[in-house]
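The structure under discussion appears below in the form of structure tokens.
Rule-based calculations on the coordinates, nothing more; no lab input. Given the structure is predicted, the values throughout are model-derived calculations rather than measurements. Counting neighbours? That spans all protein chains shown, and the Cβs are built from the backbone with ideal geometry, glycine included.
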Amino acid sequence: MDFKGLIAEAISNVTNISKEEIKQFIEIPKEESNGDYSFPCFRLAKELKNSPVNIANNIKENIKIDENVISKIDVVNGYLNFYVSKENIVKTAIDKFESQKEEYGKSNIGEGKTVLVEYSSPNIAKPFHIGHLKTTIIGHALYNIYKSQGFKTLGLNHLGDYGTQFAKLIEAYKRWGTEYDFSENAIDKLADMYVRINNLCSEDENVLEECRETFKKLEDGDQYCTELWNRFKELSLQEFNKIYELLGISFDSMNGEAFYSDKMQEVIDILDEKGKLIESKGAKVVNLEDQGIETPCIIQKANGSSIYATRDLAAIIYRSRTYDFDKCLYVVGEEQRLHFAQVFAVAKYLVDKKYTDGLEHVYYGMIRLPEGKMSSRKGNFVKVEDLLNEAITKAREIIEQREIENKDLVAKQVGIGAVIFEDLAESRIKNQVFDLKEALNFNGETGPYIQYMAVRTKSVLEKAGYIPEANTLNVNKATDESSIKLLKYLMNFGNIIINTIEKNEPSIISRYLIDVAKSYSNFYNQNKILSDDKEMQDIRLYITYMTKVVLTNGLNLLGIEVPDKM
Ligand code: ARG
């Protein structure tokens, strides 16, 4: 039942103000003691030329609303507070769930729309650092979430496989290539060479100049350079794939920056034709002041080389043609905000408004390990693969003494689940200190805690040996406080997913799952589930089943698996 709609209609009938207008003002109070829905009457004070308190009292006196649904109406400080009858909450929650069961949470609101989620996008021959882990985890969650709502969803990995760093590596390889064995830990070795060549570059201008020349050669398709570049790329992908495998992720496209290298001329041509390209110290730039961006966007450097932004622009043209997308999300750190603002502004000269309207930089804050910030340039990085494996090992230690089968699998599910949840636990724009120990705390607000609660629902159902039919349930048996509280959360799952999509903010689901898990824990402690009262047992089992589905589907959306036992 649409309680908001029902209340809005009843208020509209008394006040002669449209139902839609009323509906948008109806709130869900933070405090339970203020009812289930609340209408702030000051919203109508101007229109009705009366004080909020008078309006509230007036509405209360004259409103006609089904008493079986709304059991009580209170006036508090100019607010009208509505209390939905408990039986109705139980019934509505069950009906909502019953229509979808295991599919609960899915929808088709995205039907006919295409969403591109560009995420992960690490740089070849450079370590995959914990910032990349964060985009990978956020991006994959968004990918799952959009897909679950019927959007045609594609995951794109915009590999950083182009740029001056490869020229630097080629120069390094020429000098020291024979010193290394690349058959193992290749990225470490490439990274080591990269550090060495960078040091040399800062000591010796000539080396830096050589690197610039080599980059030009690479762009012009020089055979020796291209072969080496391919080798670096392959070696790097082998290592990235280990991380993707651990996380259970695959991409629909791995077209990196290099893929767009022969598609950039069109960008330059269109901008030129439109008179948008201007010379600045030998470089070609687009002035964006009229769009409120002070820094011009460089399109071509003085030596004729393209830059990062040019490839992003070529990618936008390509993606508009290839995918005809409705949204294209870029899950990239906040330090690239100016870059994307510039790229999106220039894109307005290249593709239809339909496409530029769909571009969004989904940025996230800084992430660091407790030890201090890492930088790949200086060489003190933490390997993400090691971090993931450490999480699995630690999870294994925790479950070692438990009587469960498949400990390896469970350790992987819990360890990886802990890392994923930790990265999604807070609003993405917040800076984060990634603490593995905290992430693995089974009693904290963590992935393992929610997994554990999901496992508990499974074992309760297993012990009972059946799931009752929804139409046989007696809703009067679940009107106690802990059941109502849990059911209110459970029936909100769909809204939570929609809010998540509106803000591209997976933490909305993470926070919600914490609420559901805690609320189930409370429900479980307050209520004996298996009992002599069959009706009581049935409805409690059914609520347990609903909780199982919500926790499982919710975790899966985030990219987290639920073990059978833990
Ligand atoms: N490779 C870049 C990095 O590691 C991220 C790429 C972001 N995506 C883009 N379309 N520019 O910083």
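Remarks
- Semi-axes of the equivalent ellipsoid for the stretch 146-246, computed as √(5λ) from the eigenvalues of its C-alpha gyration tensor and ordered from largest down, come to 31, 17, 12 Å.
- Theoretical gain in end-to-end length, Thr164 to Thr322 [0.36 nm per residue, Cα-Cα removed]: 54.1 nm
- Each residue of the stretch 250-264 is assigned a 3J(HN,Hα), and the resulting list reads 9, 10, 7, 8, 10, 5, x, 4, 4, 4, 9, 5, 9, 10, 8 Hz, derived from the Karplus form 6.51 cos²θ - 1.76 cosθ + 1.60 (θ = phi - 60°), x at Gly and Pro.
- Pairs of Cα atoms nearer than 8 Å and 6+ residues apart set the relative contact order; for the chain it is 15 percent.
- Relative contact order (percent, whole number), the stretch 347-488, Cα cutoff 8 Å, 6+ residue spacing: 21 percent
- Local charge for Tyr349 was computed over the other residues whose Cβ lies under 9 Å away, with Lys and Arg +1 and Asp and Glu -1, and equals +3.
- Protection proxy ranking for 118-128, 58-68, using the average of other Cβ atoms within 10 Å per residue and placing the highest first: 118-128, 58-68.
- Convex hull volume of the stretch 1-129 per residue (C-alpha atoms, cubic angstrom): 215 Å³
- Virtual spin-label span in nm between Glu31 and Arg196, 7 Å along Cα→Cβ: 6.9 nm
- Dividing the convex hull volume of the alpha carbon atoms of the stretch 75-138 by its residue count gives 243 Å³ per residue.
- Here the stretch 400-526 is treated with +1 on each Lys and Arg Cβ and -1 on each Asp and Glu Cβ, and its dipole about the Cα centre works out to around 220 debye.
- Taking amide H atoms as placed 1.01 Å from N in the peptide plane, the amide H of Ile367 lies under 5 Å from those of Gln432, each 5 or more residues away in sequence or on another chain.
- Take the Cα of Leu530, step 7 Å toward its Cβ, do the same at Thr295, and the gap between the two points is 6.4 nm.
- Over the stretch 409-566, the fraction of Cα-Cα pairs per 5 Å bin, rounded to whole percents and listed from the shortest bin up, is 1, 9, 19, 21, 18, 14, 9, 5, 2, 1, 0.
- The Cβ shell under 13 Å around Ile420 holds other residues with a net charge of -1, Lys and Arg each +1, Asp and Glu each -1.
- Considering all different alpha carbon pairs of the chain, the Kirkwood hydrodynamic radius works out to 27.0 Å.
- Taken as Cα centroids, the stretch 60-80 and the stretch 109-180 sit 54 Å apart, rounded to the nearest whole angstrom.
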